[in-house]
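Derivation of every value follows stated rules applied to the coordinates shown; laboratory data play no part. A quick note: this is a predicted structure, and the numbers were derived from the prediction, not measured. For neighbour counting, all protein chains shown are included, and Cβ atoms are generated from backbone atoms with ideal geometry for every residue, glycine included.
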Amino acid sequence: MKRALKGIYKKLYSHFGPQAWWPGDSPFEVMVGAILTQNTSWANVEKAIKNLKNNKLLTPDKLYRLHPKKLALLIRPAGYYNIKAKRLKNFLEFFINHYRGSVKKISQKTSKALRQQLLCVNGIGPETADSILLYALNKPVFVVDAYTKRIFLRHKLIKDSGSYAQVQDLFMRNLKPSAKLFNEYHALLVKLGKDFCLKNKPKCNICPLK
């Protein structure tokens, strides 16, 4: 399995090159983006974040004090805006109450302990929690998403019944615990999923993993 995972990474990196993911000007912006990107495209998230930036609201304290209805309107491009406004408020309450809205303070928490805390925040599931850990806080935690499962199912490296934790464990056990590696690997899988390993009509004949 180690050889298979390393081989896939090398092929994808050779084909696509570095992805420089996650786009964001600050760790806090990445945290917000991780929540807003649930069930929508990144292009829509960028529009929502731009609204927050244009209104000079992209700080923990300002967003926390912002009325939920105003927040919902500003993040409307990201879809499900009322639900996401509540989820974002839940996260902000946790972030400020536990860490005073400080990236430095939250970064000092161990990955395991912080993940458990994040999963207790209403509206934050494993993928969102791990995205915050990896992309915002540079913790060596592998993010699993629909693209990851689709690609590895089609290559018969996982079973359809595999849970999030089981798929994640596949990477965590067989790759060195490196945030840089996990970041790049996941980003490359997303790129492959978007460009080649499509849900319908996958481009298997020209896939880099062919």
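Working note: 222 nm ellipticity from helices only, DSSP H runs with n ≥ 4, each -39,500 (n - 2.57), summed and divided by the residues of the chain, gives -18000 deg cm²/dmol to the nearest 500.
Take every Cα pair under 8 Å in region 27-136 that's 6+ residues apart, average their separations, divide by the length, and report that relative contact order as a whole percent.
Numbers: 110 pairs, mean separation 35.6, N = 110.
Normalised by residue count, the contact order of region 27-136 is 32 percent.
Residue by residue, region 205-210 carries 3J(HN,Hα) couplings of 5, 10, 5, x, 8, 4 Hz when phi is fed to the Karplus relation 6.51 cos²θ - 1.76 cosθ + 1.60 (θ = phi - 60°); x denotes Gly or Pro. Is any residue of region 117-155 close enough, with backbone N under 18 Å, to a label point placed 7 angstrom from the Cα of residue 165 along the Cα-Cβ axis, and if so, which? Only 117-121, 124-131, 141-145 fall inside the zone, counting backbone N under 18 Å. Taking 20 °C and 1.002 mPa s as conditions, region 27-136 diffuses translationally at an estimated 156 µm²/s according to Stokes-Einstein applied to its Kirkwood radius (Cα pairs). Note on the chain: GNM, Cα springs under 10 Å; of 26, 161, 107, the largest mean-square fluctuation is that of 161.
Express the relative contact order of the chain as a whole percentage, based on alpha carbon pairs under 8 Å and six or more residues apart in sequence. Walk me through the numbers on the way to the answer.
On the way: 225 pairs, mean separation 52.0, N = 210.
Computed value for the chain: 25 percent relative contact order.
Round to the nearest 0.05 the FRET efficiency obtained for residue 100 and residue 40 when R0 = 35 Å and r is the Cβ-Cβ distance.
Numbers: r = 30 Å, r/R0 = 0.85.
Working from the Cβ atoms, E equals 0.75.
For residue 38, the shell of other residues with beta-carbons less than 9 Å away shows a net charge of +1, using +1 for Lys and Arg and -1 for Asp and Glu.
To the nearest ten degrees, helix 164-174 and the longest principal axis of the Cα atoms of the chain are 60 degrees apart. Taking Cβ atoms as reference points and 13 Å as the exclusive limit, the residues near residue 12 contribute a net charge of +4, counting Lys and Arg as +1 and Asp and Glu as -1. In whole angstrom, the chain maps to an equivalent ellipsoid with semi-axes of 31, 19, 15, each derived as √(5λ) from the alpha carbon gyration tensor and ordered largest first. Beyond 20 Å in Cα-Cα separation lie the following of the pairs 10/180; 11/180; 11/112: 11/112.
Reported to the nearest whole Å, the Cα centre-to-centre distance from region 179-207 to region 81-95 is 30.
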